Each structure stands twice: as structure tokens, then as C-alpha cells.
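**Student:** Handing you this structure, nothing more for now.
All of the numbers you see were taken from the coordinates with simple rules; none came from a lab. Bear in mind the structure is a predicted one, so any value in this text is a computation, not a measurement. A quick note on method: Cβ atoms are made from the backbone with ideal geometry, for glycine too, and the neighbour counts reach across all protein chains shown.
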Amino acid sequence: MTITEQCVVALTWTLKDTLGEELDVLDEPIEFFVGGNDLLAKIEEALQGHEAGDTVDLHLEPQDAFGDYDDTLLFLEPRHLFPAGLEEGMGFEGLPAGCTPNAPKDRLYFVSDIYPEHVVLDANHPLAGIALRISMKVHAVREAEESEVGAGSLGTGFFSMQVTPEPAADAPGDDTPSTLH
């Protein structure tokens, strides 16, 4: 079967920056829904017509990958609103109450700097502003099931910084965002 819109493809890849530094390696095949939200548009476009066993090499400029770096997605927030064990690199789904009210609610935020009184949070994708080279291998292609087409995703979130609202698992009255790391 060849890759077309609304199918499922199992991929492995090596992702590098334009200087050849390895950024991510996917050694074991993972399934992605083609025609939905799992893959970047340029990746889906490049995969069209390929089949199991094929390799695809692709160069992505920032606007075709994770976008240009947007400094309006940096937020300086009061340190006391975050857990005591806060570390640089930690990620949060959304921001706690008391933070910048107009900050997007449906983003992942990463701690970039910690100061005694403030925390700098970054809602840019960690690869924003970087041109990328991706070398992919197609391991399998299958027809998508009706439920997969309806969902538009298999839930593989590597290419997204959006969070899907879930019922709160935190204690009632706890406004601390869910920690990813």
C-alpha cells in the first residue's frame, strides 16, 4: 500500500539541525495518522506515494517545521506560583492562576530561567526557529480505521505544542499546572 491521505504510517527517523547535530532519533517505528494532526504538512507531502521500505530525506525551514521563534511567547511569572522543586527545562501544561491572564491556555510552557523572585516560561516549541533535516524510513502503511479518521490523530504529539484539555487530576483548589517532567 502506498501512502495517501487518511492512512496510518509507521516511521522511524533521525532529526538533525542544518549543522548536522542530532536532535532526535526515533529508533522504534511509531504510527502516525496521515491527513490529520500527527505530522507536519511538509512531512505528509513528502511521504505521499511512498510505501514500506522507502526512505525519505527532507529539509524543513522553520516556517515549515516549528515556526519562527516568537518572543511574545516568553512570560515572566512570580516564582511563588510554582512548586518548590522547580528546575530549568521542566514543562507545564498551561499556567497556574495568578500568572499573565492573556497567556495562551492551551500551550506547553517550559522553564527557561529561574530567579529568586521570578520564573521565565517559554511557550515556543523547543525547535522553533531552527531549520531541520529529517531522514525517515517507512516501516508500514495501512488504512486508517474510522475512529482514527474521526479523531484526526493517533495521539502522537511530537509535532505539537498544543495541549488537549483533560479533566483535572490535581486536588480541588490546586491551581498548579500539571507538570510534564
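**Student:** Note down the Stokes-Einstein diffusion coefficient of the stretch 71-123 in µm²/s, whole number, using a Kirkwood radius over alpha carbon pairs, 4 °C, and 1.567 mPa s.
**Tutor:** Answer, rounded: 119 µm²/s.
**Student:** Now a separate question. Ranked by Cβ crowding within 10 angstrom, fewest neighbours first, how are Met136, Met1, Met90 ordered?
**Tutor:** Exposure proxy ranking, most exposed first: Met1, Met90, Met136.
**Student:** Can you tally the net charge around Val120? Count Lys and Arg as +1, Asp and Glu as -1, for every other residue whose Cβ sits under 10 Å from the Cβ of Val120.
**Tutor:** Net local charge, Val120 excluded: -4.
**Student:** Would you list Val138, Val120 from fewest to most Cβ contacts within 10 Å?
**Tutor:** Placing the least packed residue first, the sequence is Val120, Val138.
**Student:** If you don't mind, another one. Expressed as a rounded percentage, what relative contact order does the stretch 71-123 have, with Cα pairs under 8 Å and six or more residues apart?
**Tutor:** 46
**Student:** Taking the Cα centre of the chain as origin, work out the dipole magnitude from +1 charges on Lys and Arg Cβ and -1 charges on Asp and Glu Cβ, in debye rounded to 20.
**Tutor:** 120
**Student:** Follow-up question, since we're still on this one. Straight-line reach only, C-alpha to C-alpha below 19 angstrom: list the lysines that Lys16 could link to, leaving out same-chain residues fewer than 8 apart.
**Tutor:** Lys16 reaches Lys42, Lys137.
**Student:** To the nearest 20 debye, what charge dipole does the stretch 71-123 have about its Cα centre, counting +1 at the Cβ of each Lys and Arg and -1 at the Cβ of each Asp and Glu?
**Tutor:** Here the size comes out at about 180 debye.
**Student:** Using a Debye calculation, one point per C-alpha and no hydration shell, please list log10 I(q)/I(0) for the chain at q = 0.09, 0.20 Å⁻¹ in order.
**Tutor:** So the normalised log intensities are -0.40, -1.29.
**Student:** Next question. Using a basic spin-label model with each label point 7 Å from the Cα along Cα→Cβ, how many nm lie between Thr12 and Asn102?
**Tutor:** Inter-label distance under the simple model: 4.8 nm.
**Student:** Please name whichever of Pro78, Ile114, Gly89 sits farthest to the positive end of the charge dipole of the stretch 71-123, dipole taken about the Cα centre and charges placed at Cβ: Lys and Arg +1, Asp and Glu -1.
**Tutor:** Pro78
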